[in-house]
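Q: Sharing a structure here in structure tokens format.
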Amino acid sequence: MFLPALPPNFDWGFATAAYQIEGAVAEDGRGPCIWDTFCHLEPSRTKNAHADVACDHYHRYEEDFDLLQQYGAKSYRFSISWSRIIPLGGRSDPVNEAGLAFYDRLIDALLARGITPWATLFHWDLPQGLNDRYGGWLDVGEVQADFEHYARVCYARFGDRVKNWITINEPWIVSVFGYGTGVNAPGRSTTNPDATHGDSAREPWTVGKALILSHARAVTAYNREFRATQQGTIGISLNGDYYEPWDADDDRDGAAAERRMQFHIGWFANPIFLKTDYPACMREQLGERLPKFTDAEMNVLRSADTDFYGMNYYTSQFARHIEGEPLDTDFKGNVDELPHDKSGRSVGPVSGVAWLRSTPDLFRKHLTRVFRLYGKPIYITENGCPCPGEDQMTREESVQDTFRQKYFNDHLDAICLSIAEDGSDIRGYLAWSLMDNLEWSDGYGPRFGVTFTDYDSLERTPKQSALMLQSMIAARKKPVLQHQEEQVQHRL
Ligand code: NOJ
């Protein structure tokens, strides 16, 4: 039977992001974002996919929230499109009432169904206007002031109803994929033959700093001006795999695994949660290419108290040290990443995308490591997978998603073990994703949804896993009485 380790008030539901589902890119005054531009480049860098219509959620959110309700979800994580709210993006640019009104309706539609909104302020869709004006995230000073302003507009308008804020989604991906490998918008890179501009040795580190300070300023604005009246909580969603040494008997691989995680997570988590400089191994490898925090910037970091660690977790890998000096375009800490260890043992069964193997045991280690290092309550703000072969399946085949059901089950067990055996404070689980949607530069092939999206008719069909998550969670919740007794004992 299941380990009853989830607290009675454990939060759960599903997640999405604006650009991946909304469509309606030119409607009601929305300004373009860098993903609109990137998806329309020729030759295509997104498998000819764009999000002009996407899932048409902009017009179908009522229907989608009926599904959420049917699935029993307590919470729903969505993102706000910056360029719907401020079409040009900047702190002196006009605010778009029609954009605000859309999210008013969306939030009210959730609340009317008893579903708690979780709003992400930035899920990769930077206003194109800011990219054109000063290079977007490359201008550390400008962009943090604009982001803080945008955040404040959102708190002021939605904060009476939104009590759970996520500032930025996966700053690592924004920095490395957007400015290092160039596979994501704005697609800058000096290692990617498709890219025309960039500096992969420097730009990711500059962008990372801009994202960290933007987060800190948005948090400080919330804490100083809105928290007392709105009583909400605020965090950031960090991605990052767990790494085991490729050769468990080789200390250099042990060090490589730890270094890899510092380059993935410590890069952001040290300044944000520990309020310190970047990890020492990053300073050592990157030298003057890793920007410094001035005293004034350190004060910004120190004054920003972030409530929770939002964890986006999908998979884990093995890390093998590389002999010799790292390339100046390296962003991994001079390690190779492998799906097999030295003996050929696989890290886990492969899903419907090559980069994602199901690795629940390492998820438990990851949760426990992150809780011990950063000491914050954890909400899993994304977890999920496409089933093997699902990109080629018919709707009838896709809804029978046994691989996804097992993936959810196994990852929920890992959460229970991390809580019950390792003492981690884990408070919620938001599965990625409510529906199949645009998987960024991989286009519409990979299907991460618990709802099948027919991209021709835009019809939605629940997959089996969507209807099962509620009972999977309920089976793992402590009966309220037992939990209360434990609390009393704890207090005694
Ligand atoms: C993380 C991103 O936040 C989300 O947008 C993406 O679709 C999923 N990972 C799956 O790759």
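The values are calculated or read from the model by the stated rules, or taken from the named source; none is laboratory data. Fair warning: this is a prediction, and the values are worked out from it, not measured in the lab. Backbone-built Cβ (ideal geometry, glycine too); neighbour counts: all protein chains shown. What goes into the accessible areas is simple: the full protein's heavy atoms, side chains included, and nothing from ligands, DNA or RNA. Shrake-Rupley method; radii C 1.70, N 1.55, O 1.52, S 1.80 Å.
Q: Counting only residues that are within 16 Å of the ligand (Cβ to nearest atom), give me the helices (runs of 4 or more DSSP H) lying completely in segment 155-242 with at least 2 of them.
A: Working: elements: 171-179, 203-225, 227-230.
Once the helices (runs of 4 or more DSSP H) in segment 155-242 are filtered for at least 2 residues that are within 16 Å of the ligand (Cβ to nearest atom), what remains is 171-179, 203-225.
Q: Which strands (runs of 3 or more DSSP E) sit wholly inside segment 257-342 and have at least 2 residues that are within 16 Å of the ligand (Cβ to nearest atom) and out of contact with any Cys (no Cβ under 7 Å at 6 or more places or on another chain)? Full working, then the answer.
A: Values: elements: 308-312, 316-321, 335-338.
Because the criterion is at least 2 residues that are within 16 Å of the ligand (Cβ to nearest atom) and out of contact with any Cys (no Cβ under 7 Å at 6 or more places or on another chain), the strands (runs of 3 or more DSSP E) in segment 257-342 that meet it are 308-312, 316-321.
Q: While we're on this one: Quick one: in segment 317-345, which of the residues that are among the small types (Gly, Ala, Ser) and free of Cβ contacts under 8 Å to residues at least 60 places away in the same chain is most open to solvent (accessible area, probe 1.4 Å)? Lay out the reasoning, then the answer.
A: At the first step, the residues of segment 317-345 found to be among the small types (Gly, Ala, Ser) are 319, 324, 333, 343-344.
Those still in the list that are free of Cβ contacts under 8 Å to residues at least 60 places away in the same chain too: 324, 343-344.
On the way: 324: 53, 343: 99, 344: 46 Å².
Selected residue: 343.
Q: Which residues, taken from segment 61-106, are closer than 24 Å to residue 9 by Cα and part of a loop (DSSP other than H, G, I, E, B)?
A: Those that are closer than 24 Å to residue 9 by Cα and part of a loop (DSSP other than H, G, I, E, B): 71, 72, 73, 74.
Q: Also, quick follow-up: Only residues that are open to solvent by less than 20 Å² (accessible area, probe 1.4 Å) and farther than 17 Å from residue 239 by Cα: list them for segment 180-189, please.
A: Of the residues in segment 180-189, the ones open to solvent by less than 20 Å² (accessible area, probe 1.4 Å) are 180, 182, 184-185, 187, 189.
Within segment 180-189, 182, 185, 187, 189 meet the criteria.
Q: Which residues, taken from segment 124-146, are open to solvent by 40 Å² or more (accessible area, probe 1.4 Å) and either part of a loop (DSSP other than H, G, I, E, B) or touching a strand residue (DSSP E or B) at 6+ places or on another chain (Cβ under 8 Å) (or both)?
A: 139
Q: Can you work out which of the residues in segment 219-258 that are among the polar types (S, T, N, Q) and out of contact with any strand residue (DSSP E or B) (no Cβ under 7 Å at 6 or more places or on another chain) is most open to solvent (accessible area, probe 1.4 Å)? Please lay out each step first, then the result.
A: Within segment 219-258, the first condition is being among the polar types (S, T, N, Q), and the residues that meet it are 220, 223, 229-231, 233, 237, 239.
Then keep just the ones that are out of contact with any strand residue (DSSP E or B) (no Cβ under 7 Å at 6 or more places or on another chain); that gives 220, 223, 229-231.
Details: 220: 15, 223: 43, 229: 115, 230: 21, 231: 137 Å².
The selected residue is 231.
Q: Given the criterion closer than 25 Å to residue 63 by Cβ, within 16 Å of the ligand (Cβ to nearest atom), out of contact with any Ser or Thr (no Cβ under 9 Å at 6 or more places or on another chain) and of a type outside the set (Lys, Arg), identify the matching residue among 383, 437.
A: On the way: 437 fails: out of contact with any Ser or Thr (no Cβ under 9 Å at 6 or more places or on another chain).
Being closer than 25 Å to residue 63 by Cβ, within 16 Å of the ligand (Cβ to nearest atom), out of contact with any Ser or Thr (no Cβ under 9 Å at 6 or more places or on another chain) and of a type outside the set (Lys, Arg) holds for just one of 383, 437, which is 383.
Q: When you check residue 289 against the structure, is it among the basic types (Lys, Arg) and open to solvent by less than 10 Å² (accessible area, probe 1.4 Å), yes or no?
A: Details: among the basic types (Lys, Arg): yes; open to solvent by less than 10 Å² (accessible area, probe 1.4 Å): no.
In short, no.
Q: Oh, and also: Given the conditions (1) within 16 Å of the ligand (Cβ to nearest atom); (2) in contact with a Lys or Arg (Cβ under 6 Å, 6 or more places away or on another chain); (3) not aliphatic (A, V, I, L, M), which single one is not true for residue 461?
A: Of (1) within 16 Å of the ligand (Cβ to nearest atom); (2) in contact with a Lys or Arg (Cβ under 6 Å, 6 or more places away or on another chain); (3) not aliphatic (A, V, I, L, M), only one is false for residue 461: (1).
Q: Would you confirm whether any residue within segment 100-123 is open to solvent by 10 Å² or more (accessible area, probe 1.4 Å), within 23 Å of the chain's Cα centre (by Cα), among the small types (Gly, Ala, Ser) and modelled with pLDDT of 95 or more?
A: No, segment 100-123 has no match at all.
Q: Can you say whether residue 31 is in contact (Cβ under 8 Å) with a residue 24 or more places away in the chain and either assigned to a loop (DSSP other than H, G, I, E, B) or among the aromatic types (Phe, Trp, Tyr) (or both), as far as the supplied structure shows? Can you show your working first?
A: Values: in contact (Cβ under 8 Å) with a residue 24 or more places away in the chain: yes; either assigned to a loop (DSSP other than H, G, I, E, B) or among the aromatic types (Phe, Trp, Tyr) (or both): yes.
Considered against the rule, which asks whether it is in contact (Cβ under 8 Å) with a residue 24 or more places away in the chain and either assigned to a loop (DSSP other than H, G, I, E, B) or among the aromatic types (Phe, Trp, Tyr) (or both), residue 31 comes out as yes.
Q: Now for a different question. Has segment 475-488 got any residue that is over 15 Å from residue 15 (Cα atoms), open to solvent by 60 Å² or more (accessible area, probe 1.4 Å) and either modelled with pLDDT of 95 or more or part of a strand (DSSP E or B) (or both)?
A: So far as segment 475-488 goes, no, none of its residues is over 15 Å from residue 15 (Cα atoms), open to solvent by 60 Å² or more (accessible area, probe 1.4 Å) and either modelled with pLDDT of 95 or more or part of a strand (DSSP E or B) (or both).
Q: Would you mind telling me which numbered condition in (1) assigned to a helix (DSSP H, G or I); (2) in contact (Cβ under 8 Å) with a residue 60 or more places away in the chain; (3) crowded, with 18+ Cβ neighbours inside 10 Å residue 12 fails?
A: (1)
Q: Return the residues of segment 107-123 that are in a helix (DSSP H, G or I) and in contact with a helix residue (DSSP H, G or I) (Cβ under 7 Å, 6 or more places away or on another chain); say none if nothing qualifies. Outline the logic, then answer.
A: Filtering segment 107-123 down to residues in a helix (DSSP H, G or I) leaves 107-112.
Listed by number, the residues that qualify are 107, 109, 110.
Q: Would you confirm, using the coordinates I've provided, whether residue 73 is more than 20 Å from residue 186 (Cβ to Cβ) and either within 14 Å of the ligand (Cβ to nearest atom) or touching a residue at least 24 places away in the same chain (Cβ under 8 Å) (or both)? Spell out the reasoning first.
A: Numbers: more than 20 Å from residue 186 (Cβ to Cβ): yes; either within 14 Å of the ligand (Cβ to nearest atom) or touching a residue at least 24 places away in the same chain (Cβ under 8 Å) (or both): yes.
Considered against the rule, which asks whether it is more than 20 Å from residue 186 (Cβ to Cβ) and either within 14 Å of the ligand (Cβ to nearest atom) or touching a residue at least 24 places away in the same chain (Cβ under 8 Å) (or both), residue 73 comes out as yes.
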